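See below for the structure under consideration.
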Amino acid sequence: MKLCEFIRPESLAQARAALRKLGPKGLPLAGGTALHFMPGKTPVTAVDLTGLGLSYIRQKGAFFEIGAATPLADIQRHRGPRWAMHEICRRISTHQIRNVSTIGGNICRVFPWADLPVVLLAMNAKMVIYSGKLKEMGADEYFSSQPARLFRGGDLLAAVKIPVLKAHHGFGSVKAARNAAAFSMVTIAALLEVNDGRIAAARVAAGSAIPFPRRLPSVEAALTGKEPSAGVFRAAASLAGNDARWCGQEGMSAEYVANLAEVSIVDALERAAEFARGRTE
Amino acid sequence: MKRHELARHLKQVNTSVTKIDALQLALGKDSYVADFLPKDALVIKMLWSPHAHARIKKLDVSKAEKMPGVKCVLWHGNVPRIVHCTAGQGYPEPSPYDTFMFDTKVRFVGDRVAAVAAETEEQALAALEAIKVEYEVLKPVFTLDEAMAPGAPVIHDEPEAHVPIPIVYEPKKNLVAHVACEAGSFERGMKEADFTFDETYETPYAQHCPIEPYTSMAQMTPAGRILITTSTQVPFHCRRIVARTLGIPVQKIRVVKPRIGGGFGCKQEVLLEDVTAMMALRTGRPCLWRFTREETFRTGRTRHPFRIRLRTGVKKDGTITAIGLECINNTGAYGGHGLTVVSCSGGKTLPLYHCDNILFDGKSYYTNLPVGGAYRGFGATQAFFAIESLMDHMAEAIGMDPLKFRQLNHIRPGEGSPIFQALGEGREGLPMTVGSNALAECIVQGAEAAGWEKRQDWRKKTGRYRRGIGMCCLMQGSSIPDIDMGAATIKINEDGSFNLNVGATDLGTGSDTVLAQIAAEELETTTDKMIVYSSDTDMTPFDVGAYASSTTYLSGEAVRKAAADAKRQILATGAEMLGLKAEEVHCEDAHVLNADGSKKVSYSDIANYSLYQKNQYQIIGTASHITKKSPPPFAAHFAEVEVDTLTGFVKVLNYVSTIDCGTAVNPALCEGQTEGGTLNGISYALTEQYLFDETGRMRNASFADYHIYSMRDRPPIKAILVPSYEDTGPFGAKSVSEICINGPAPAIGNAIYNATGARLNEFPFTPEKVLKAIKAVKK
Amino acid sequence: MKTHTCTVSFTLNGEKKTFSTRPDEKLLDLLRREGYKGTKYGCGQGTCGACTVIMDGRAVYACLLYAMQAEGRKVRTIESMGTHDKPAPIQRELVAAGAVQCGYCIPGIIMSATALMEAEKDITDEVAREYMDGNLCRCTGYEKIWTALRRTIANRAAATPAKKTSAKGGKK
């Protein structure tokens, strides 16, 4: 990508109109850190999204709403009861990247190593897409394939809505990486609802060690209705290979990565269960 | 920090004087090569080979030459074909001359093909794309086994390749070097042993990762000479080698090193300056060539990977009866440092322990991979992984604590080793007995700081996360005796300040400061009176440059002698001014005074007198130095780790690096060197690696994929300076900067064993390797 | 589509400036071209931190940002920090601790440390490490940088007058 022009629309509608007009020659630009992974000399016009008021974190009823142009650093710093987004954000890249890279930039075009899609899948987040008007799309549909497909016509991501963690729900994530700043070797996120000593519902997602982030339905099925014990977790994790085609990473083999993924799934489930146990309201 | 008895009287040396350039650098003032860019400078870009092994059948630069902004294109057809060696070493180099500015053959992915100088980077890159190359792809050689196989492709088949001194060199077999020696009888020693061992170890590639990438600038001076301002460790070798490759006299070239952003050995190489200079010469314009980070990984020099077969014999009482060390290094596509690195792998390690029967065999081979260069530790790093891993193994076999086993066997002060004479660098070394040696104390202090006594056998450990402590002992050298030379000049100014001009090269190591302290100590004045100017081939006297842990021990002694020379003149003039004889006066606190202090005159008075008033002359001292021995610094390292036995991830919890560097001229800088080298060694042991694709291309050429530690990853590192006093070094100093990087791989390896019972014979200790080794452990 | 020159206006080290630039010019290149050479090129890829500047109070990589992204913002570079006669506290401490070896990473480190101290009040080790995790150093092992940073933070905390502990009764 080679920036040949820079325009600064003043509203979502203006931004969408500009992108529709530019077509493949238009590039929505928030932090711009992803541009580094899009080499080449295709000339594009940058459509700056940072002046549209899309940087915010608010609680609205049963959801936290995060503006699409909110930097990861702000999400990392935000605290509150029933909020769990900071844990994964503090582990993404480095401080300077987190200050500039936005949640929207991380999920509008998903790269294989992305952590946020995994977390949003587990949390059953909703994406708010602007196509002239605002409409919501659940994470399962949004991440069913490369989300960039949704934005080719000039539509824009406006916000991400994350359900407030309800009582008896716990969230846990694990990111296995060589160093603090390194891309993930495997990212696992799990949301458990534990009622009366049984797992009432489970959403488990994986990313990085597979070509595209996804949920692990075999693992989820093996958890539902069971007690949240180490043995149950291990048995469920061992089924992950039914859903995920693990890839070698960092010069390590796919067999090793599969092993790492299974251990990470158990760890994420332990964390989620621990979190759920402590949350009675 | 306790001072050694003999260092107690020192005033400037053995003090943590503020580093002379620290504030300038902290303020962000113009300091580095790229900061001095003239407005009309051209940008140089290089077309790199995409093939690991190929002949260039056709190269057409005609379209590129005509493109907008392009001022010059260089390729094999329009530059002199002069064979040389890029390694920065003494002359004639103990290395093959196997490199051309541009050749008709490419030998690794990242080798030079053609270069463009243009007004802007964009124009230069566009011109590269217009260069048409036709390659005849040849079968590549990617491993030592492939290189050594009979009938292997010959990487250097050019008739010009040769060695300038009588050393072994067989390019038809891809053999770059072979050195061997024996003391006593290895075979007999093995027979005397109660336990024998035969292990093979592999050590990996690494890149130095200086935060400033390779950067070089050249411009024509009004007098028609070429001024090269470059990020180099070896300004004088650079001048000589550029003169050779351009076919012009040394007199026409001036090389200046400003501040540089790290080197660690990778800039002990003339990798950019020949092209930069040629471009300036051809265009008449200043030309800047700065490697990108990616180019620094692919084309920059690397650490030599080694395969090491180590055989040893040990008796039940702890006597080591035999050591057989066979080292083979992979020097990549060009052979500059192949011989010297493999020589040091034996020469700087084998003297560490008593043994009557030592066999060493060292070889270096070409492959079609990135080029091994000088990297802090220089072969000793790799060999110590093998030796110090096996030491633990031997200790266990005889039921001895590995610390006590080392205490029993290490070299003592006053002892020698046949290896010192047998293994130099390219020629025989010098016989030597070790003078200063505080290794015993290093071990004791390090063990205490690391909590060695709480160490438990791995069989007692349970749970998912297991902790262990490992140690190692180390040595290195200080300078290359009889081969390397450094010189200094020092002159006085009216206010009692001095200009100290040295060829010695400060890479950020602080040598300007350290040398100023030595001069000030000798001259009985203070370090802040020194104005240091270094590394300018026109203005400063010769120095080989920063490598082989020489700067303090070799250049420092040249500085001390130059200061002593100036001091004699100061005393003579001071005596004259006081109406006394030279024997009746001495120097103290920047004054010349008589025995009872009743008559005195200041350096400033002496300067004014001698410069302006009577019998005028410039007080100026000059001296050169070559060393007669290479006194080893010693160290004992201790690593505490935690291993996740389910994933194989290893975390370093704590690290202790003790160091005997003789007198620490500047203790804070010595600690800084030790802390920095240690952390580099830790990531070398755990996370750094070169991943290649099937074409021989290094595929993780960025900090995102090649992992070095940040402030968030770092374990606490405690550097402990253990004083000794080296009589042959300036005010008792030896050296400090290389030895520390040798410790982490073996110390961490031994700690992993202590945590889990898993032994690893290769690193980096990736989680996969660690997990595999854990699973293979038999209780 | 040709790339044309354009202008960008932002506050640089406290002064409103307008520069000519191109849409594809990175902020790092603009700064160095305009004489602000304390900000360094170490990788050009947003991985080493040698190019760190502060933009609207946040530490950012100048090599990843386009100059146009600075429009209307406040940018601070190392040149805004101290002088030979009056170095900033973090500069003084780094020098005194022996933390400056080759110095190439140091301007970036100073900017990240400054952003940390201006954004956070009670700075735990964990928070400090997170703010500093994007600045690589190969020379020092970070030990003395860390010492200098903690000392600067502690000195600043000691210099801040103590707040009243309670609204009711009890003077401090």
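The values are calculated or read from the model by the stated rules, or taken from the named source; none is laboratory data. Note that the structure is a prediction, hence the values are computed from the model and not measured. Because the Cβ atoms are built from the backbone with ideal geometry, glycine has one as well, and the counts that use them run over all protein chains shown.
Annotations
- Helices (runs of 4 or more DSSP H) lying entirely in the range A:203-281 (those with 2 or more residues that are within 20 Å of A:Pro117 (Cα to Cα) and either polar (S, T, N, Q) or within 14 Å of another protein chain (Cβ to nearest Cβ) (or both)): A:254-277
- For the range B:324-344, the set of residues classified as aliphatic (A, V, I, L, M) and part of a helix (DSSP H, G or I) consists of B:Leu339, B:Val341, B:Val342, listed by residue number.
- As a summary of the residue check, B:Leu691 satisfies the conditions (1) in contact with a Gly (Cβ under 7 Å, 6 or more places away or on another chain); (2) surrounded by 22 or more Cβ atoms within 10 Å (Cβ to Cβ); (3) of a type outside the set (Phe, Trp, Tyr); (4) away from chain C (no Cβ under 11 Å) except for the one numbered (2).
- The criterion of being crowded, with 22+ Cβ neighbours inside 10 Å, part of a loop (DSSP other than H, G, I, E, B) and touching a residue at least 12 places away in the same chain (Cβ under 8 Å) holds for B:Ala52.
- Filtered residue count, the range B:297-323, keeping only those that are crowded, with 22+ Cβ neighbours inside 10 Å and assigned to a strand (DSSP E or B): 11
- Residue within the range B:288-296 that is assigned by TED's automatic domain parsing to the domain that holds B:Pro213, assigned to a loop (DSSP other than H, G, I, E, B), free of Cβ contacts under 8 Å to residues at least 60 places away in the same chain and touching a Phe, Trp or Tyr at 6+ places or on another chain (Cβ under 7 Å) present: no
- Here the condition is being within 7 Å of another protein chain (Cβ to nearest Cβ) and either buried (at least 24 other Cβ atoms within 10 Å of the Cβ) or under 10 Å from the mean Cα position of the chain (by Cα) (or both); of C:Cys51, C:Cys63, C:Cys102, it holds for C:Cys102 alone.
- Leading residue by the ranking (nearest to A:Ala182 (Cα to Cα)) among those in the range C:120-148 that are hydrophobic (A, V, I, L, M, F, W, C) and more than 9 Å from every other protein chain (Cβ to nearest Cβ): C:Val127
- Scan of the range B:724-735 for residues that are over 12 Å from B:Ser630 (Cα atoms) and buried (at least 24 other Cβ atoms within 10 Å of the Cβ), ordered by number: B:Ser724, B:Pro730, B:Phe731, B:Gly732
- Among (1) at pLDDT below 95; (2) within 14 Å of chain C (Cβ to nearest Cβ) - the single one B:Lys778 does not satisfy: (2)
- Test for A:Phe37: is it within 14 Å of chain C (Cβ to nearest Cβ), over 17 Å from C:Arg58 (Cβ atoms), surrounded by fewer than 24 Cβ atoms within 10 Å (Cβ to Cβ) and aromatic (Phe, Trp, Tyr): yes
- Residue satisfying condition, being modelled with pLDDT of 95 or more, in contact with a Phe, Trp or Tyr (Cβ under 8 Å, 6 or more places away or on another chain) and buried (at least 16 other Cβ atoms within 10 Å of the Cβ), within set B:Leu27, B:Leu10, B:Leu42: B:Leu10
- Count of residues meeting criterion [polar (S, T, N, Q), within 14 Å of chain C (Cβ to nearest Cβ) and within 26 Å of B:Gly90 (Cα to Cα)] in the range B:251-309: 1
- B:Ala773 meets each of the listed conditions (1) buried (at least 23 other Cβ atoms within 10 Å of the Cβ); (2) more than 14 Å from chain C (Cβ to nearest Cβ); (3) out of contact with any Phe, Trp or Tyr (no Cβ under 6 Å at 6 or more places or on another chain); (4) of a type outside the set (S, T, N, Q) apart from (1).
- Checked against (1) crowded, with 17+ Cβ neighbours inside 10 Å; (2) aliphatic (A, V, I, L, M); (3) more than 14 Å from chain C (Cβ to nearest Cβ); (4) part of a loop (DSSP other than H, G, I, E, B), B:Val17 passes all but a single condition, namely (3).
- Restricting B:Arg467, B:Arg459 to those that are in a strand (DSSP E or B), touching a residue at least 40 places away in the same chain (Cβ under 8 Å) and not assigned by TED's automatic domain parsing to the domain that holds B:Lys363 reduces the list to B:Arg467.
- From the list C:Lys37, C:Lys74, C:Lys26, C:Lys16, the lone residue that is at the interface with chain B (Cβ under 9 Å from one of its Cβ atoms), under 30 Å from A:Glu5 (Cα atoms) and either among the charged types (D, E, K, R) or in contact with a Cys (Cβ under 6 Å, 6 or more places away or on another chain) (or both) is C:Lys37.
- Considering (1) buried (at least 17 other Cβ atoms within 10 Å of the Cβ); (2) within 29 Å of the chain's Cα centre (by Cα); (3) in a loop (DSSP other than H, G, I, E, B), the lone condition that B:Val179 does not fulfil carries the number (3).
One line per residue, one yes/no per condition, for (1) in contact with a helix residue (DSSP H, G or I) (Cβ under 7 Å, 6 or more places away or on another chain); (2) in contact (Cβ under 8 Å) with a residue 24 or more places away in the chain; (3) more than 19 Å from A:Thr50 (Cβ to Cβ); (4) of a type in the set (A, V, I, L, M, F, W, C):
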| site | (1), (2), (3), (4) |
| --- | --- |
| C:Glu34 | no, no, yes, no |
| C:Cys43 | yes, no, yes, yes |
| C:Val60 | yes, no, no, yes |
| C:Leu64 | yes, yes, no, yes |
| C:Glu79 | no, yes, yes, no |
| C:His84 | yes, no, yes, no |
| C:Ala88 | no, yes, yes, yes |
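- Single condition B:Glu212 does not satisfy, out of (1) surrounded by fewer than 22 Cβ atoms within 10 Å (Cβ to Cβ); (2) under 30 Å from B:Gly676 (Cβ atoms): (1)
Here's the yes/no breakdown for (1) in contact (Cβ under 8 Å) with a residue 12 or more places away in the chain; (2) under 23 Å from the mean Cα position of the chain (by Cα); (3) under 22 Å from B:Phe360 (Cβ atoms):
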| position | (1), (2), (3) |
| --- | --- |
| B:Pro150 | no, no, no |
| B:Pro166 | no, no, yes |
| B:Lys173 | yes, no, yes |
| B:Asp198 | yes, no, yes |
| B:Tyr201 | yes, yes, yes |
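- Of all residues in the range A:69-96 being within 13 Å of the chain's Cα centre (by Cα) and outside any loop (DSSP other than H, G, I, E, B), the one that is farthest from the other protein chains (Cβ to nearest Cβ): A:Met85
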